[in-house]
């Protein structure tokens, strides 16, 4: 049985849904209650494009326990083509391949298991194009 947090994150995790301010058009991922650009409180839900560009990245060699079996792995801040910035794990890359400005796409992948017998959590990961 998934946790309450997992249920709340389904729209973002599985459908790449962002909140778009109805007043100024700024995109937020995950959605928020108040626009930090204009202070407006009304948002429209839209699906993001699944492509973007790496702004910065790093390789994690000593990860937290849920990700221990995946080390080393890369994490990047990606500016999506729609505008929001997300922090995500990077998959299917070769050493030295990741560069600032590298084009990536989001793919639906296994993120981690919640303990040895807990549910497997899925989400998005960036993959170089």
Boolean, residue 126 is under 14 Å from the mean Cα position of the chain (by Cα) and in contact (Cβ under 8 Å) with a residue 40 or more places away in the chain: yes
Test: residue in the range 63-76 that is surrounded by 14 or more Cβ atoms within 10 Å (Cβ to Cβ) and within 12 Å of the chain's Cα centre (by Cα): yes
Check on residue 45, closer than 20 Å to residue 19 by Cβ and in contact with a strand residue (DSSP E or B) (Cβ under 9 Å, 6 or more places away or on another chain): yes
Residues of the range 107-127 classified as crowded, with 17+ Cβ neighbours inside 10 Å and at pLDDT 95 or above, total: 1
Condition broken by residue 100, with the remaining ones in (1) modelled with pLDDT of 95 or more; (2) under 11 Å from residue 52 (Cα atoms); (3) outside any strand (DSSP E or B) satisfied: (2)
Residue within the range 30-53 that is modelled with pLDDT under 95 and closer than 30 Å to residue 116 by Cα present: yes
Residues satisfying the stated conditions in the range 28-78, i.e. part of a loop (DSSP other than H, G, I, E, B), without any contact (Cβ under 8 Å) to a residue 12 or more places away in the chain and over 18 Å from residue 91 (Cα atoms): 33, 34, 36, 39, 41
In the range 3-20, the residues that are touching a strand residue (DSSP E or B) at 6+ places or on another chain (Cβ under 6 Å) and either at pLDDT 85 or above or surrounded by 17 or more Cβ atoms within 10 Å (Cβ to Cβ) (or both): 13, 16, 17, 18, 19, 20
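The values are calculated or read from the model by the stated rules, or taken from the named source; none is laboratory data. No experiment lies behind these values; they were computed from the predicted model shown. Heads up, the Cβs are rebuilt from the backbone with ideal geometry, glycines too, and the neighbour counts pull from every protein chain shown.
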